[in-house]
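Read the structure below first, then the notes.
Rule-based calculations on the coordinates, nothing more; no lab input. Remember, predicted model here, so these are calculated numbers, not experimental data. With ideal geometry, Cβ positions are generated from the backbone for all residues, glycine too; neighbour counts draw on all protein chains shown.
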Amino acid sequence: MARHRLHSTLRRMRDDWDQRARTNARHYVATGQTRWTDEEFFASGRQEIAEDILNDLENVCQGRDPKSMRVLEIGCGAGRVTRALGEVFGEVHAVDVSGEMVRLAREAAAGMTNVFVYQNNGMDLSVIPNVPFDFAFSVIVFQHIPSLHVIESYVRDVGRLLRPGGLFKFQVLGHPPAEPSRWRKLVRWLRYRNNSWYGVTIGSGEAEAIAGRCGFELRYQTGAGTSEYWLWMFRR
């Protein structure tokens, strides 16, 4: 990806998410409601953890006590899931491209001495301490990234930090098996108009190739071709 185009994409992602955070952060993090109370918002984060982590502890923990695990979250937003992760795991490190979202996530985790939140550059984890992580997680984040190069950069950097055998469980925007040409044109136009909301689509072959190039085994996947395409990548 050309350097100037990459920098433009990352800047747009940061600026757009800062603006969304100022406008209505919780709605843009979880679009199911326009207005969220504190109780509703953080309860939805706990529900996310219950459905996608606590129901999958064999893969996530692999026999470890969650309280002994160091966990990484990509795209923490306003801390909806971050806070729930901190209630389950021993140590949580979370990143977001938006400084405004990071500020809100830190407020959400105020008083939680095991939670650390950083603003990153939108494509790697260089701000994270170079220590081994046991599990990495991301939900409703990569669906908004318009660059396959950026997504692969994240996967590669997770691989740098994740211990051998550790799981990176995350969602991407699935590539429909047969995209009609009119749909492709609409998606391209929407990305042009707002390239930090409509992300790049990924097919199963692309997901497999990214995993291989970044040192992972793509062991499980669900929801291919949908907006909630889950990938289970285990560090080799």
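Give the long-range amide H neighbours of Tyr229: residues separated by 5 or more places, or on another chain, with amide H under 5 Å away, using H modelled in the peptide plane at 1.01 Å from N.
Val172, Gly174
Calculate, for Leu54 and Leu6, the FRET efficiency according to 1/(1 + (r/R0)^6) with r their C-beta to C-beta distance and R0 30 Å; round to the nearest 0.05.
0.25
Using each residue's phi in the stretch 3-10, evaluate 6.51 cos²θ - 1.76 cosθ + 1.60 at θ = phi - 60° and report the 3J(HN,Hα) Karplus result to the nearest Hz, with x for Gly and Pro.
Couplings: 4, 5, 5, 4, 4, 5, 4, 5 Hz.
From the backbone phi of the stretch 124-137, what are the Karplus-calculated ³J(HN,Hα) couplings (6.51 cos²θ - 1.76 cosθ + 1.60, θ = phi - 60°) in whole Hz, Gly and Pro given as x?
With coefficients 6.51, -1.76 and 1.60, one gets 8, 10, 5, 7, 7, x, 7, 10, x, 10, 9, 7, 10, 8 Hz.
Hey, with R₀ at 22 Å, roughly what FRET efficiency would Asp65 and Thr113 work out to, going by the Cβ-Cβ distance, to 0.05?
0.75
Full extension from Thr222 to Thr23: what is 0.36 nm times the residue separation minus their Cα-Cα distance, to one decimal in nm?
Full-extension gain reported as 68.3 nm.
Taking the Cβ-Cβ separation of Trp197 and Asp124 as r and a Förster radius of 22 Å, what is the calculated FRET efficiency to the nearest 0.05?
0.55
Quick query: amide H of Ala94 versus all other amide H atoms, modeled in the peptide plane; which residues come in under 5 Å with a sequence gap of 5 or more or a different chain?
Result for Ala94 returns Glu73, Phe116, Val117, Tyr118.
Return the calculated 222 nm mean residue ellipticity for the chain, to the nearest 500 deg cm²/dmol, obtained by summing -39500 (n - 2.57) across DSSP H runs with n ≥ 4 and dividing by the residue count.
So the calculated ellipticity at 222 nm is -13500 deg cm²/dmol.
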